[in-house]
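Read the structure below first, then the notes.
The values are calculated or read from the model by the stated rules, or taken from the named source; none is laboratory data. Note that the coordinates shown come from a computational prediction; the quantities given were computed from them, not determined experimentally. So basically every Cβ, Gly included, is an ideal-geometry build from the backbone, and we count neighbours across all protein chains shown.
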């Protein structure tokens, strides 16, 4: 029943999006609050605030030295994919914010989709079934890439919306309903909290100008990087739990 609940949420979301009209990019999506150039770099703070993603990815490599952090080889490979995605977010998002348009946004969203899907697969493996996580890793990564390609070709964000927001529903459910296979599960909750904060900063980009000239978007990048830091730090210190 617990598995059926999590799968049912995904199926319900997929059906809802299928019957929904295509979701198009908002007209002012690329119009960020802070567009200042500093030292000749356009949209300076929106660009340089992506550096923490690269630092987090580099910090996360230390977890690969731990023999206890991964019960199966595929988990280590999935973690490599996740770290690669986080590092590429720094590059892709920085490139996008230098010249914001749909073409450069593709390179921002593509690595993010890889991060979302690799994280979902590894959490399925940790909380539900190692076998299921291993089987789902490649299909989920393919779905993530396909969602961004589909948006770029059609302009329709429905599939990408599923890839981005379904993990936000599924991960807390898995944390609540299934015992952890590793110690340190609080890192997942901290990650979810910081990512929720990142979305708040994104939504309040223009309103935050009254408090900080940078607007909210650079702070979104920082909060999202802190979310990933919580996760990679948890992986570096976790050990198999006694179930």
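With the structure loaded, tell me whether residue 190 is under 30 Å from residue 33 (Cα atoms) and assigned to a loop (DSSP other than H, G, I, E, B) or whether it fails that test. So residue 190 does not fit the description; no. The single condition from (1) buried (at least 17 other Cβ atoms within 10 Å of the Cβ); (2) modelled with pLDDT of 90 or more; (3) at negative phi that residue 192 fails is (2). Residues considered: 41, 82, 24. Of these, the only one that is within 23 Å of residue 214 (Cβ to Cβ) and in contact (Cβ under 8 Å) with a residue 12 or more places away in the chain is 41. Residue 231 passes every criterion in (1) surrounded by 18 or more Cβ atoms within 10 Å (Cβ to Cβ); (2) closer than 19 Å to residue 170 by Cα; (3) free of Cβ contacts under 8 Å to residues at least 24 places away in the same chain apart from (3). Tell me, please, whether a residue that is within 17 Å of the chain's Cα centre (by Cα), over 27 Å from residue 5 (Cα atoms) and surrounded by 18 or more Cβ atoms within 10 Å (Cβ to Cβ) can be found in the range 200-214. Looking for residues that are within 17 Å of the chain's Cα centre (by Cα), over 27 Å from residue 5 (Cα atoms) and surrounded by 18 or more Cβ atoms within 10 Å (Cβ to Cβ), one finds at least one in the range 200-214, hence yes. Count of the range 172-187 residues, restricted to those that are in a helix (DSSP H, G or I) and within 18 Å of residue 238 (Cα to Cα), is 4.
Exactly one residue out of 127, 158 is buried (at least 22 other Cβ atoms within 10 Å of the Cβ), more than 19 Å from residue 93 (Cβ to Cβ) and touching a helix residue (DSSP H, G or I) at 6+ places or on another chain (Cβ under 6 Å), and it is 127. Would you be able to tell me the number of residues in the range 134-156 that are in contact (Cβ under 8 Å) with a residue 40 or more places away in the chain, more than 26 Å from residue 187 (Cα to Cα) and under 16 Å from the mean Cα position of the chain (by Cα)? Number of matching residues: 1. Within the range 196-219, the set of residues being part of a helix (DSSP H, G or I), in contact with a helix residue (DSSP H, G or I) (Cβ under 6 Å, 6 or more places away or on another chain) and either within 18 Å of residue 124 (Cβ to Cβ) or touching a residue at least 40 places away in the same chain (Cβ under 8 Å) (or both) comprises 217, 218, 219.
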